1. Taking the stretch 39-49 as the region of interest, how many residues are open to solvent by 20 Å² or more (accessible area, probe 1.4 Å) and away from the ligand (no atom under 13 Å from the Cβ)?
2. As an exercise: evaluate ALA13 against (1) buried (at least 23 other Cβ atoms within 10 Å of the Cβ); (2) within 16 Å of the ligand (Cβ to nearest atom) and give the number of the one condition it does not meet.
3. Do you know which residues across the stretch 165-191 are out of contact with any helix residue (DSSP H, G or I) (no Cβ under 6 Å at 6 or more places or on another chain) and either open to solvent by 60 Å² or more (accessible area, probe 1.4 Å) or away from the ligand (no atom under 16 Å from the Cβ) (or both)?
4. When the residues of the stretch 134-161 are narrowed to those that are among the small types (Gly, Ala, Ser) and assigned to a helix (DSSP H, G or I), which ends up nearest to the ligand (Cβ to nearest atom)?
5. Are any residues in the stretch 91-108 within 13 Å of the ligand (Cβ to nearest atom) and surrounded by fewer than 24 Cβ atoms within 10 Å (Cβ to Cβ), and if so, which ones?
6. Among SER57, SER121, SER77, SER70, which is out of contact with any strand residue (DSSP E or B) (no Cβ under 6 Å at 6 or more places or on another chain) and within 16 Å of the ligand (Cβ to nearest atom)?
7. Which one is modelled with the highest pLDDT among residues in the stretch 212-245 that are open to solvent by 10 Å² or more (accessible area, probe 1.4 Å) and of a type in the set (S, T, N, Q)?
Amino acid sequence: MPAVWSGDPLWLADVLRAAGLDVRELPGWRDRGHGDFADIRGVMVHHTGSDGATAESIARGRPDLPGPLSALHIARSGAVTVVAAGVSWHAGEGSYPWLPVNGANRHMIGIECANSGTSPSAPHRTHWPDAQYVALVRSCAAICRRLGRSADRVIGHKEYAGRAQGKWDPGAIDMDILRRDVADDRGVPEPPDDDYSDILLKRGSRGPQVAELQRRLKAAYASYAGNLVVDGVFGPDTEAAVREFQRRTPGLVVDGIVGPATAWALRLRVVSARA
Ligand SMILES: [Zn+2]
């Protein structure tokens, strides 16, 4: 799908990252989809049906339903992976007051959460790790802000397709409580726990902390760091990726050096402090 129509949410990764989320970009997401979006009206929340379902499996789809199956995947760790910018096949048959009957896919950003759903009658947040639930709330809030819509535009698959298809996802999520939490979310990034005061990585640095930096860049910034080799050596490619990250992040000096401010902005995991 050539993403030629400006309606496609090519802003997803940037908007979610600006909300402080742990964002990964599945390579090729900008060009993945079943055609282009029409006007985007909101967000539809799903559970995958299994705790271990991966972002790759959402991109791939199933034998009876080719992927992508949703724009975003949220793991139980809270990691949010951007899977597709084009239309995903997630809604199927159903209806909702401000959506066309059996035609929601071109109007709704789908979020698949890796979760068994437990059961249709399970109390709110049963078997939903805090990290995953908070990431869901924050993702919905960031998207609604970007769309200029209120939290009312977050609906569950069960609210759209419950009658038509017997869908009950997202299981163990009371959608009214979720919408209230989305409305309350101020989207302020929480500072990471790591202590960055001793961090200084630059051209010529070596070791496990450089490897962690490379892993982080590669996973979270695949659009320009996806080809980075994780070898623990801070060479020209690593420096170029750091400079690109700094260029794209307001408030950072573009010097190719990872000090405390850049490490904080990267949510870099500290692995070799005072070893
Ligand atoms: Zn669903």
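1. Qualifying residue count, the stretch 39-49: 3.
2. Looking at each condition in turn, ALA13 falls short on (2).
3. Across the stretch 165-191, the qualifying residues are GLN165, ASP174, ASP176, ILE177, ARG180, ASP184, ARG186, VAL188, PRO189, GLU190, PRO191.
4. Going through the qualifying residues, I end up with ALA161.
5. GLY92, GLU93, GLY94, ASN105 - these are the residues of the stretch 91-108 that are within 13 Å of the ligand (Cβ to nearest atom) and surrounded by fewer than 24 Cβ atoms within 10 Å (Cβ to Cβ).
6. The match here is SER57.
7. If we take residues in the stretch 212-245 being open to solvent by 10 Å² or more (accessible area, probe 1.4 Å) and of a type in the set (S, T, N, Q), then ASN227 is modelled with the highest pLDDT.
The values are calculated or read from the model by the stated rules, or taken from the named source; none is laboratory data. In this text the structure is predicted, and so the values were computed from the model without any measurement. So basically every Cβ, Gly included, is an ideal-geometry build from the backbone, and we count neighbours across all protein chains shown. Accessible surface is based on the protein model in full, side chains and every heavy atom, while ligands, DNA and RNA are left aside. Shrake-Rupley method; radii C 1.70, N 1.55, O 1.52, S 1.80 Å.
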